Each structure stands twice: as C-alpha cells, then as structure tokens.
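The values are calculated or read from the model by the stated rules, or taken from the named source; none is laboratory data. Bear in mind that the values here come from a model prediction, so they are computed numbers and not experimental data. A quick note on method: Cβ atoms are made from the backbone with ideal geometry, for glycine too, and the neighbour counts reach across all protein chains shown.
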Amino acid sequence: MSSDEHVKSTLRKTPVSQNGRTVNYNSQKDPHRKIKLGIWTFFLLLVFEGGLRKWVLPGLATPLLVVRDPIVIWILILAYRQGVIVMNKYVAGMVFIGVISFFAAVLSGHGNFYVAIFGARILLFHFPLIFVIGRVFTWQDVIKMGQFSLWLTLPMAILIAIQFYSPQSAFVNRGVGGDEAGAGFTGALDYFRPPGTFSFTNGTSLFFGFVTCFIIYFWLNRKLMNQIVLIAATAGLLAAIPLSISRGLLFQVVLTVLFAVLATFRKPEYIGRMLLAIMGAVVVFVALSNTSFFQTATGAFSNRFETANEVEGGLEGTLLDRYLGGLVGAINSSSTQPFFGYGIGIGTNVGSMLLGGEVTFLIAEGEWGRLIGETGIVMGLGIIFIRLGLSYRIAMNSYKQLAKNNLLTWMLLPFCLTNLPQGQWAQPTSLGFSVLIAGLIIASFNVKSRKQALKALLIVKVPK
C-alpha cells in the first residue's frame, strides 16, 4: 500500500490491508494515552477558559484563571511515573531560577507567598510541559491537533464578527465574571477588538496566528485535510484579520506566508502547491471583499493601522521597539533595582491586584523588562537566554527537517519564534500558546523524511 493510501485510510479511521493482513491501527492502546488526554484538555481549556469565565461560570472567574495549572501538574506527575519527564539543561536552568526566585521574592522581595508561587509556577510547571508534549506527542498527534483547530476556525471567526458588530453591553461581549462593561478593547472608528472565547483580545490574535501555520501547511498537503473545512478555515482567517483589528495578527500571517515562500525556494516541488494555495486565498478574499461586513471591518482595521503607526513610529516602533526596547530599557534601569529584583510574580496582573489592589503594570509592559524587574539582572537575563537558546535550537532543527521534506516543523516555526522568546508569559493565554507551540514543534521532529512522516500517521507498525 502506498503512503498516500495509508494517509487516506488513517483519516477515515478504518482498518487497512497490507500484505494480506487487515489491521485496525486505532486498536492499539497508547502507553501515554492519559498524558495525551491531559495535553488535549490543556488545549481545550486554553481555547475555552475565557468562555467559562465570561458566560458559563462567571462566579468562578477568579479560580478559573489558573484552571490549567492542576492539569499541568497532573501531566507532569504522570510523565514522572511513566519515566518520560525530561530534565535537560533548559528545564534544569528554569527550575533552578524558579526556586531561587521564589525564595528571594518571599524573603527579600514583595514578601507575598501567593504572588511568588503564581510567578514561579511559570518556570517550575509550565516550562517543563514543553518537553513532555515533545516527548509523548507524535507527528500524527500534531496533525490531529491542527485538523481539530481548523474545525474551530470558522466558528471562532463568526463569533468575533458577532462581537465586532454588537454593543459592549451585549451578552456575547460580556467580560470576565459577567462584567457588563464588555470584554472588548479599544480598536478604531468606535469598534472594539473582539476577544472571541478568550478572556482578553490577545487570545484572538494568538489563536488565529496558531491556526495560520496549519492552514498553510494543509494547503501544501491537501490530502491531510477535508477540503471544505480547509476553504472555510481560510475564509475564517482572512475575515479575522480585519475583524480582530490586530496588527500583530497581520504580521504573524505575513511572517508565516514568508516562511512558506522560503520553503518553496528550498524545495521547488512545493511551488505548484504554493501557487494553488495563493489562488485559493485570493478567491476567498475576493468573495469576502464583496460583503459589506468585511468592508466595514477592513475600514476599521486600516484606520487602526494608520493611527498606531503615527503614534509608535511605523514598522520600527511596532517591531523593533517592542522586541528589543523592553530589554534595553530594563538593562539600563537594572542598576537602580535590587539584585534579586522586586520579586517574581509582581509583574503579573494577579501580582498587581494582590499587592496594589488594581490591575496595572508594576514593573514593565514588555516581557523582557518584566523578567529583569522581577528576578534581577542576573536571573532575568538567565531566563531570557534560556528562551532564546531553546528558540535557536528549535529553529536550526526545523531547517534541517525541511531539508528532509518534513514541512510541518518549518511551518510551525514562525509562530514559535514570535512567542517562545518574547511572548508575555505573565498573561495565562500567551503562556499557554507559547508552551503549546514549542511542545508541538518538538513533537513534529519525530520523522526523518516525508515518506516516514506520512507513515507516521499509522499508530502501529504492521509486522512483516
């Protein structure tokens, strides 16, 4: 049986015949089934946690903020019991800094135990989860999560469209805890940035940035995805760009497209597929452009883009200052800060609420500035260098996998590079997507060639 037939059979979830044997590839019990169930639960809560806090259980909005934390701890415990816990130099460094920072915060920093543990949990629990996902998930698990994400894309786009055109007092726009003031954030032309199912609007940009990687990948490997769903997801993504009023999402989509173009230079066989993907996107875009709702959203997005560029100084202010400005400013001001910083967790919204009674930036808005302000110049730079080092290692391995026809790793890379090194981990949604994409891209390294990648969709091997 050819690889393509294996793929089709696996997607249909039916038994296949090979060498006279009929084998049901879904009957084998996965030894890591419970861990994988925990990872899927983590993903679902990442996407729908905001909806629980806004619409379903608003009275439990505060405890639901950390609803994924027990799941993460449970996954780590299972991974330890099954011997798949990973203790490499990245994890060891983060755990060491996390422990030292926790005691420093309690003894010489802000002195609040709960704020310290909230900040330290990022390094002690969430960061190690990256490598557990990479260890137990397989290439086909990553594909399945991508397929599921595409099924969510059009409904999510419809939701943010309803939020975009509804007043902030509408039920669909209610904020965390059922706040009737609304969850939208200031956008342009009296329209607000919609949060979708998330507690804050950054979740919308992160979700659609995440699915962009898979949408383009499936356009280049169309046999792995239902074509109607792929076209619908593409329409949802194109509609979400103006509806989100997010320049960050636009930059993420453009960056991912550029990575796809680079892949065609490295592997010319992708050129035809890339042209087909572009043609499909153009057709969908033209169809959307003829609708009034899309034209209105595009007008608001264009106004937001122009206004923000005037304030922040165009591309340089949007990208360079956001990415490096926080680090430079933090280093310059570190001489006036305590050696161990003001205490881990103080730069988070939870920290500011518990310590100051209101949500504000007590340290810095930028991620690298927050890290140095919380943990001091030495440990803050240590965290930054660990994140940069891991990002570099992932990027190099992704390029090597591209040379071996494993396009999946390469297409996940742009979203990883915009979140793993510089993502705002003080915000739970941003932290969740950073951990998820880093784990998935490591998991996608498990194949050495396109042929093996296609065969990897099989759960068990057929004996000769």
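Please work out which residue is surrounded by the most Cβ atoms within 10 Å (Cβ to Cβ), limiting yourself to segment 365-423 and to residues that are among the acidic types (D, E) and within 25 Å of F208 (Cα to Cα). Per the criteria, the residue is E367.
The single residue among F294, F251 that is within 24 Å of W151 (Cα to Cα) and either touching a Gly at 6+ places or on another chain (Cβ under 6 Å) or modelled with pLDDT of 80 or more (or both) turns out to be F251. Cβ-Cβ distances below 6 Å connect no pair with a first residue in segment 214-229 that is at pLDDT 95 or above, a second residue that is among the small types (G, A, S) and not in a helix (DSSP H, G or I), and a separation of six or more residues or different chains. List every residue pair whose Cβ atoms sit under 8 Å apart, with the two residues 6 or more apart in sequence or on different chains, where the first one lies in segment 339-353 and is free of Cβ contacts under 8 Å to residues at least 24 places away in the same chain and the second, anywhere, is surrounded by 24 or more Cβ atoms within 10 Å (Cβ to Cβ). Hits for this filter: S352/I346. Exactly one residue out of N112, N173 is in contact with a helix residue (DSSP H, G or I) (Cβ under 7 Å, 6 or more places away or on another chain) and modelled with pLDDT under 90, and it is N173. Name the residue that is surrounded by the fewest Cβ atoms within 10 Å (Cβ to Cβ), counting only residues in segment 4-62 that are of a type in the set (D, E) and modelled with pLDDT of 50 or more. The extreme case among them is D30.
Taking the conditions exactly as written (within 18 Å of N405 (Cα to Cα), surrounded by 18 or more Cβ atoms within 10 Å (Cβ to Cβ) and in contact with a Phe, Trp or Tyr (Cβ under 8 Å, 6 or more places away or on another chain)), does L243 satisfy them or not? No: the conditions fail for L243. Looking at L154, L159, L129, just one residue is in a helix (DSSP H, G or I) and closer than 30 Å to L390 by Cα, and that residue is L129. Any residue at all in segment 339-351 that's farther than 22 Å from L431 by Cβ, loosely packed, with under 15 Cβ neighbours inside 10 Å and at pLDDT 80 or above? Checked segment 339-351: at least one residue is farther than 22 Å from L431 by Cβ, loosely packed, with under 15 Cβ neighbours inside 10 Å and at pLDDT 80 or above.
Here the condition is being β-branched (V, I, T), farther than 22 Å from A443 by Cβ, within 18 Å of the chain's Cα centre (by Cα) and buried (at least 16 other Cβ atoms within 10 Å of the Cβ); of V211, V253, it holds for V253 alone.
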